[in-house]
Amino acid sequence: MMNFRSRWAMGFHGSVWAGAIALHAASSLPALAQTTSPEALLTPTAPQLAQGRSPIAPRDGVNGIPSNFDDPADQVAPPGLRVEPGNAPLGAFQAIAMRQELESLMGRFESATLQADAVAAPPLLRPVNPATVVATTAAGDPQLAPPALHPALVQARQLLTDWSDLMAAGAYGEIRDRWLAARQALWQGFPSDRPYAQAEIRAMWLDRGTIVRAGSKARLAVIFDQLQAAGINTVFIETVNASYPIYPSRVAPQQNPLTRRWDPLEAAVELAHERDMELHAWIWVFAAGNQLHNRLLNQPASYPGPVLAAHPTWAGYDNQGRTIPPGQTKPFFDPANSDLRRYLLRLVEEIITRYDVDGLQLDYIRYPFQDPSADRTYGYGVAARQQFEAIAGIDPLLISPRLDLRQTAAVQERQRFLWDRWTEFRTQQVTSFVAETSRLVRRERPDIVLSTAVFAKPEHERLQKIQQDWGTWAERGLVDWIVLMSYAQDTNAFESLIRPWVLHADYGSTLVIPGIRLLDLSEPAVVDQLQALRDLPAPGYALFAVDNLDQPLQTVLSRTQGRQDQPIPQQEPLATAASRYQALQREWRWLMDNGHLWVQPERLEAWVTEVNDLGLALEALAADPDPREIARARSRLLALQQTLGQGMDLQTANRPYRMDAWRLRLVTIDRFLAYGQARL
């Protein structure tokens, strides 16, 4: 099956089509003719939109929104593996999944404890094998003394040893009870008494509600003190929400009424920089308003936000003429509207030139969620319909994603073809705006980070349901970071969301940063998800949001990653690569010194020399960057990754997991080198 880019390349009119889209995205077309067709019925009048009313009478709920829909944007992935007490038989699939999850958790637990144990070990390896070889096999390989395992690992390993017998005996209740107890023991046993986290991007979203509750620079300073103590080095501050900036703007119609007594953005910049933290302005792009926010401002639920109220023709619509799709709470702009785009770019320029921010994050850089299979679609703003009809010769309202099987095959094929073109058109509106923003930021503030907050959903689903093609943004280098809203209730589901993007994809110098939602997530579950991404090739994480940072988690973060003299990765990517490589060296040194890692004598000296020399080369690069030397270091990293484990014996709770984690951490180091190379 062809992917989106393949269909585009083979599409009708080819590059002419793409060029026409780009041309019409930057122009305004005449108004549609007055007719009695569906397009005329769905074209809003200015008074209707200013009052938040649809041209079609609402059928039920507010603005025609049924009350039994849930906004997909607010949903969190359910547990990938749900285990509850009970004696019901265990199916083969669930039993395998439980074993695999327990083994993975043991691997993550051991990663954390090993990092904590090795944090003070010398980084340079010695060409000396441990003296704790207790025996040799018939083939002459060593048998190392087993490590002294943490009691939680002993408990989990014993369950795995007993598993087959318990299954044969039908002791399903005992398996479940012991599995839950083992998971809880491992969760509670994660080290939390000393700093051990390696250098990484540690970001947190500072939400509007927290800013409003702070109410002053002095009280906001308390929040920044807490974030600094927790080791957070990057803050995404909610700067534009539902078309309201938190600062006094010369571009936007009005500042958020709840922050008018002060300038939170100006205060936050100063507070962050005083604490050697970065501050990134986080803005809503195409979401124009918010019914939930209207309540706080004593506005009617139908109020579309200050920008749409002033410019009603900038609105987007669904195929039933509603500004807000069923089950959702936000009206959206029409990304095809050239006047809107110019307004948004002026707003971006104001933020990055008036304030000394370190980054800009684009949120709601998409259309609202849709369900084409149920004929619930979006994007029918006045400008979009005009431009698409000028290109394709048909109003997109007359195109449906659902085929009428009573029609001929030729008619169905044309319908499918036109729907694909309409999807591509809308997707291109978003991508072209990201490109325009990127050009503006690179021109005005090439020193800052441009990031996007996006969904970690499969590409086809994103293109069909929200027209968000962030893979192209990353591949083209339009943004520096892709920040995934990879929110999940357990680590199993979290890994499923992020693995395709951090493990199986490579976007060159664009970093992919997973996000974790703290709401309703227990402290051990957060720590487990953090360790999962630390064992994958991820450069760091983002936590949503400050509003949900409770005291127990604050304490754990402060103890495990706070008050460390570490580089901020985006500022010093080469120093970060050197620091993370040293953390690996310390683990290998600690394991060798404690008799848990052995290398064949004929390989030992050469391997130790290779490892130590690469560490020195990375340190030299951090002190004196040279693009050619970066390329050489990356080649040496690849060679080390490919041979890691050959001629070695390792005594740990989960040897395959440990080897994989080390290889993937080498990949992370390489990505920091690529990031640094691009910035040079």
The listed residue being touching a residue at least 40 places away in the same chain (Cβ under 8 Å) and touching a Phe, Trp or Tyr at 6+ places or on another chain (Cβ under 7 Å), out of Gly615, Gly595, Gly562: Gly615
From Ala301, Ala267, Ala336, Ala315, residue being touching a helix residue (DSSP H, G or I) at 6+ places or on another chain (Cβ under 6 Å), farther than 13 Å from Asn241 by Cα and modelled with pLDDT under 95: Ala301
Qualifying residue in the stretch 307-326 (condition: of a type in the set (S, T, N, Q), assigned by TED's automatic domain parsing to the domain that holds Pro257 and within 29 Å of the chain's Cα centre (by Cα)): yes
Some residue of the stretch 282-290 being under 30 Å from Gln564 (Cβ atoms) and modelled with pLDDT of 95 or more: yes
Selection from the stretch 460-486 of residues that are out of contact with any Pro (no Cβ under 9 Å at 6 or more places or on another chain), under 23 Å from Pro372 (Cβ atoms) and part of a helix (DSSP H, G or I): His460, Glu461, Arg462, Leu463, Trp470, Gly471, Thr472, Trp473
Helices (runs of 4 or more DSSP H) completely within the stretch 197-298 that count 2 or more residues being charged (D, E, K, R): 208-214, 217-229, 264-274
Those residues of the stretch 318-327 which are modelled with pLDDT of 95 or more and either under 10 Å from Pro368 (Cβ atoms) or of a type in the set (D, E, K, R) (or both), in sequence order: Asp318, Arg322, Thr323, Ile324
Members of the stretch 361-381 that are over 28 Å from Ser438 (Cβ atoms), among the acidic types (Asp, Glu) and either out of contact with any helix residue (DSSP H, G or I) (no Cβ under 9 Å at 6 or more places or on another chain) or assigned to a helix (DSSP H, G or I) (or both): Asp375
Residues satisfying the stated conditions in the stretch 492-511, i.e. assigned to a loop (DSSP other than H, G, I, E, B), charged (D, E, K, R) and under 13 Å from the mean Cα position of the chain (by Cα): none
Counted residues, the stretch 391-413 - those being surrounded by 14 or more Cβ atoms within 10 Å (Cβ to Cβ) and assigned to a helix (DSSP H, G or I): 5
Residues located in the stretch 335-354, provided they are of a type in the set (D, E, K, R), under 21 Å from Val430 (Cα atoms) and either buried (at least 24 other Cβ atoms within 10 Å of the Cβ) or over 27 Å from the mean Cα position of the chain (by Cα) (or both): Asp339, Arg342
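Residues are listed down the side, and each one gets a yes or a no for (1) more than 30 Å from Gln600 (Cβ to Cβ); (2) surrounded by 14 or more Cβ atoms within 10 Å (Cβ to Cβ); (3) β-branched (Val, Ile, Thr); (4) modelled with pLDDT of 95 or more:
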site	(1), (2), (3), (4)
Gly140	no, no, no, no
Ala148	no, no, no, no
Ala152	yes, yes, no, yes
Gln158	yes, no, no, yes
Leu166	yes, yes, no, yes
Glu174	yes, yes, no, yes
Trp179	yes, yes, no, yes
Ala182	yes, yes, no, yes
Trp187	yes, yes, no, yes
Matching residues in the stretch 521-542 - criterion: being of a type in the set (A, V, I, L, M), in contact with a helix residue (DSSP H, G or I) (Cβ under 6 Å, 6 or more places away or on another chain) and in a loop (DSSP other than H, G, I, E, B): Leu536, Ala538
Residues (in a loop (DSSP other than H, G, I, E, B), buried (at least 21 other Cβ atoms within 10 Å of the Cβ), small (Gly, Ala, Ser) and on the phi < 0 side of the Ramachandran plot) located in the stretch 299-326: Gly316
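Does the stretch 383-390 contain at least one residue that is surrounded by fewer than 16 Cβ atoms within 10 Å (Cβ to Cβ) and either assigned by TED's automatic domain parsing to the domain that holds Leu308 or in contact with a Pro (Cβ under 6 Å, 6 or more places away or on another chain) (or both)? Break it down into steps so the answer makes sense when it comes.
Within the stretch 383-390, the subset surrounded by fewer than 16 Cβ atoms within 10 Å (Cβ to Cβ) is 390.
The next check asks that each one be either assigned by TED's automatic domain parsing to the domain that holds Leu308 or in contact with a Pro (Cβ under 6 Å, 6 or more places away or on another chain) (or both); those that pass are none.
Checking the stretch 383-390: not a single residue is surrounded by fewer than 16 Cβ atoms within 10 Å (Cβ to Cβ) and either assigned by TED's automatic domain parsing to the domain that holds Leu308 or in contact with a Pro (Cβ under 6 Å, 6 or more places away or on another chain) (or both).
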Close pairs (7 angstrom Cβ cut-off, 6 or more residues apart or separate chains): within 12 Å of Ala267 (Cα to Cα) in the stretch 206-233, charged (D, E, K, R) anywhere: Ile211/Glu238; Phe224/Arg275
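Output the number of residues of the stretch 154-183 satisfying the condition of being within 16 Å of Pro524 (Cβ to Cβ), of a type outside the set (Phe, Trp, Tyr) and in contact (Cβ under 8 Å) with a residue 40 or more places away in the chain. Please lay out each step first, then the result.
Going through the stretch 154-183, the residues within 16 Å of Pro524 (Cβ to Cβ) turn out to be 155-156, 179-183.
If we keep only those that are of a type outside the set (Phe, Trp, Tyr) too, we end up with 155-156, 180-183.
Pick out the ones that are also in contact (Cβ under 8 Å) with a residue 40 or more places away in the chain and you get 156, 180, 182-183.
So the answer is 4.
Would you point out the residue of the stretch 543-557, among those that are out of contact with any Gly (no Cβ under 7 Å at 6 or more places or on another chain) and assigned to a helix (DSSP H, G or I), that is surrounded by the most Cβ atoms within 10 Å (Cβ to Cβ)?
Initial filter on the stretch 543-557 (out of contact with any Gly (no Cβ under 7 Å at 6 or more places or on another chain)): 543, 545-546, 548-556.
From the residues that got through so far, the ones that are assigned to a helix (DSSP H, G or I) too are 546, 548, 551-556.
Values: Val546: 24, Asn548: 18, Gln551: 9, Pro552: 13, Leu553: 19, Gln554: 16, Thr555: 15, Val556: 21.
The qualifying residue surrounded by the most Cβ atoms within 10 Å (Cβ to Cβ) is Val546.
The values are calculated or read from the model by the stated rules, or taken from the named source; none is laboratory data. The shown structure was predicted, so the numbers you read here are calculated from the model rather than taken from an experiment. Quick reminder, even Gly has a Cβ in these numbers, built from the backbone with ideal geometry, and neighbours come from all protein chains shown.
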